[in-house]
Amino acid sequence: MHTNPNDPPAIAWRKSRRSDGGNGCVEVAVVNDAPPGASHKANRGPVMIVRDSENPGGPILAFTAPELEAFFGGVKDGEFDDLMRSLVSGQSSPQATGTPRPADQG
């Protein structure tokens, strides 16, 4: 319960239903402004914030909608499947194995 009217409202953190039920996942929330100390280059505007559920007082990362659209699009397209296979197998991933898109070739 917030007793100071100037305190920010509570953040409604969410976990994936695919979580193991414990703390072994990340939590996300959408907020109007990144909280103080969040790692992000944008100072204002809506962002999705991400934290480690095992360390809720630890670092928070903030991402804008275009950043997340690019990342989730890559996930859906399978661009990170090799990283997941490496993680599951316990092997480190090769460096920069992704294929650059035309926009990335500047």
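Quick notes
- Residue ID - modelled with the lowest pLDDT, chosen from residues in segment 56-82 that are assigned to a loop (DSSP other than H, G, I, E, B) and more than 14 Å from the chain's Cα centre (by Cα): Gly57
- Looking only at segment 14-26, residues that are under 22 Å from Glu69 (Cα atoms) and either modelled with pLDDT of 90 or more or exposed (fewer than 13 other Cβ atoms within 10 Å of the Cβ) (or both) come to 4 in all.
- Segment 70-91 residues that are farther than 25 Å from Met48 by Cβ, paired with ones that are hydroxyl-bearing (Ser, Thr, Tyr) and surrounded by 10 or more Cβ atoms within 10 Å (Cβ to Cβ) (beta carbon under 6 Å, 6 or more apart): Ser86/Ser93
- If you go through segment 31-55 and keep only what is outside any loop (DSSP other than H, G, I, E, B) and either among the small types (Gly, Ala, Ser) or within 12 Å of the chain's Cα centre (by Cα) (or both), you end up with Ser39, Val47, Met48, Ile49, Val50, Arg51, Asp52.
The values are calculated or read from the model by the stated rules, or taken from the named source; none is laboratory data. Because the structure is predicted, anything quoted here is derived from the model rather than measured. We place every Cβ from the backbone using ideal geometry, glycine too, and count neighbours over all the protein chains shown.
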